[in-house]
1. What are the residues in the range 135-183 that are among the β-branched types (V, I, T), surrounded by 15 or more Cβ atoms within 10 Å (Cβ to Cβ) and more than 12 Å from L123 (Cα to Cα), if any?
2. Within the range 206-265, can you find the residues that are among the acidic types (D, E) and either surrounded by 15 or more Cβ atoms within 10 Å (Cβ to Cβ) or touching a helix residue (DSSP H, G or I) at 6+ places or on another chain (Cβ under 6 Å) (or both)?
3. Within the set of pairs 6+ apart or on separate chains, which have a first residue in the range 53-67 that is part of a loop (DSSP other than H, G, I, E, B) and surrounded by fewer than 19 Cβ atoms within 10 Å (Cβ to Cβ), a second that is of a type in the set (V, I, T) and modelled with pLDDT of 95 or more, and C-beta atoms under 7 Å apart?
4. When you scan the range 89-153 for strands (runs of 3 or more DSSP E) that lie fully inside it, which ones turn up with 3 or more residues that are over 20 Å from the mean Cα position of the chain (by Cα) and over 21 Å from A231 (Cβ atoms)?
Amino acid sequence: MKISELINWFEAWANPAWQEKWDNCGWQVEPGVLHETATVLVCLTPTLAVMQEAIALRNAGTSINLIFAHHPLIFHPSKSLCASDPIGEMVRLAFINNIGIYSAHTNFDQVEDGTADVLSQILELKETTPIAPTQNGLGYGRVGTLVPSVTLEELLAIIQARLEPPNLMYSPADLNQTIERVAVLGGSGASYIKDVARCGAEVYLTSDCKFHAFQESRDYKVILVDAGHYATERPACSKLVQKFNRNGVISLLSQMDEDFRLFHL
């Protein structure tokens, strides 16, 4: 499949027009690769480390010509591009090595098998619906039912085992409390706490939650669980690699994606 065909197929599934106004989905750098047969490196965040990984793979015989990222490389209009700054260097290397950079962000968050759906599948939630519907059954986050129900302590153990977050924060609560209804949203989801409460969820799994988000969730009687941005979104990248490969596209998951955080125990 040519890169142009891959992008057309993907955008028919997760249209960039669905992105938020502040977002920047779609082509970040297109150095003239649309006609080439796609060989893809999928990552959460397009960084210099990922670009260097793509170049190393090319040199080793795997002709990566597309970095497919969840997070955009460019969020705000740039007034200049210099090799001395990370974005400028990424653009320079993309053109020199003929490697495109494409982003699917808030459009990918909303769709079936997107970031939220993958989290709900990992927790094996049943009868899921969006926390915040947008259109035609799509939307941000998912809320569903655990069958059978589990205790909060068991649910936290499941999250730890399946997502492997380096640090797991949760609201003070009775660990023996029975949990039946759970909401999930990969990435920064604190702004949806009120919507989660409306959905009747007892637990909300998301990330990037500040002190007052935990206070707000307590006020709404929702147990907030923060597993970290990387841990809640990286699984969707892995699922995307599988989807690409099933459709005949050579696709690899980046091994140089970074969490950007270390926790001192």
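1. Within the range 135-183, just I179 meets the criteria.
2. Of everything in the range 206-265, those that are among the acidic types (D, E) and either surrounded by 15 or more Cβ atoms within 10 Å (Cβ to Cβ) or touching a helix residue (DSSP H, G or I) at 6+ places or on another chain (Cβ under 6 Å) (or both) turn out to be D208, E216, D226, E233, D257, D259.
3. Sorted first by the residue in the range 53-67, then by its partner, the pairs are T62/T39; S63/T39.
4. It comes to 142-151.
The values are calculated or read from the model by the stated rules, or taken from the named source; none is laboratory data. Everything quoted here is computed from the prediction, not taken from an experiment. No Cβ is skipped: glycine too gets one built from the backbone with ideal geometry, and neighbour counts run over all protein chains shown.
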